[in-house]
Amino acid sequence: MSEKIRYNIIEVARETFAKFGFRKTTMDEIAAGARKGKSSLYYYFKSKEEVFQAVVEQEASFLFSKIEKAVSEETTARTKLEAYVTVRMKGFRDFVNYNDALKNDFLSKIDFIEPIREKHDQKEQASIAKILEEGIKNGEFRQLNIDLTARTVVIALRGLEAPYFLSDETIDLEKHLRDLLHILFHGISN
């Protein structure tokens, strides 16, 4: 199996799913975009769902690579957490299919979506927990329940996705993220 051909099919499918959505996209459209016969597509993927799964996993991988790169370029736990949140929220918008797979109720009924959601949440919580541990160790953050805090940050970020990405309203994402991080670092007390 040629990885180059498979990758090309995934790229074409990514664009097609992003344009038309999962429901309206057909294997014929993906095949035409990839300049392959429909039977060639079925050599690489058993179904449209399997193609979509490959697209979602690729986008997730790209997003987490961007986040890891941004975090690795920072020197303090605080700036690492800021980079994590900022790159995650900005990057989420770029990965339409991944974003849709994590939020769309229709798609949640597809067997592979729930495990992707769970894997995503676990990976996010582990990444944030690692940053929190580093911050506690070097004295930037006070002693806290790392697992609970990491889970809370992930839930807060997830809660911001709908207003930022589904709204027609123009939102200053940078300002909102700075405000969120300020609350995270300082709480709401004076």
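The values are calculated or read from the model by the stated rules, or taken from the named source; none is laboratory data. Note that this is a predicted model, so its numbers are computed, not measured. Because the Cβ atoms are built from the backbone with ideal geometry, glycine has one as well, and the counts that use them run over all protein chains shown. These accessible areas exclude ligands, DNA and RNA; they are computed on the full protein's heavy atoms, side chains included. Shrake-Rupley method; radii C 1.70, N 1.55, O 1.52, S 1.80 Å.
In loop segments of the stretch 1-47 as defined by DSSP, the trypsin sites (Lys or Arg not before Pro) with at most 13 further C-beta atoms inside 10 Å of their C-beta are Arg35, Lys46. Length available on full extension from Arg93 to Thr79: 0.36 nm per residue minus the Cα-Cα distance, which gives 2.9 nm.
Dividing the summed -39500 (n - 2.57) terms of all DSSP H runs of n ≥ 4 by the residue count of the chain sets its mean residue ellipticity at 222 nm at -26000 deg cm²/dmol. The spread of Cα positions in the stretch 1-52, taken along each principal axis and listed from longest to shortest, comes to 27, 17, 16 Å. With contacts taken as Cα pairs under 8 Å and at least 6 residues apart, the chain reaches a relative contact order of 16 percent.
Within the assembled protein chains, the solvent-accessible surface assigned to Leu148 is about 100 Å², based on a 1.4 Å probe. Histogrammed with a bin width of 5 Å, the alpha carbon distances of the stretch 1-90 distribute as 3, 14, 21, 17, 11, 10, 9, 8, 4, 2, 0 percent, first bin at zero. Computed from Cα positions, the angle between helix 48-72 and the longest principal axis of the chain comes to roughly 30 degrees. Taking all protein chains into account, the per residue accessible area for the chain stands at 59 Å² (1.4 Å probe). Placing a label point 7 Å from the Cα of Lys123 along the Cα-to-Cβ direction, the residues of the stretch 52-94 whose backbone N falls under 11 Å of that point are 56-68. The charge dipole of the chain, taken about its Cα centre with unit charges on the Cβ atoms of Lys, Arg (+1), Asp and Glu (-1) only, comes to about 380 debye. Given the choices (i) 56; (ii) 53; (iii) 45, percent of Cα pairs over 21 Å apart derived from the coordinates of this structure is entry (i).
A Förster distance of 22 Å, applied to the separation of the beta-carbon atoms of Ser39 and Lys19, puts the FRET efficiency at 0.40. Taking label positions 7 Å along the Cα-Cβ direction at both Asn145 and Ile183, the computed distance is 1.9 nm, reported to one decimal.
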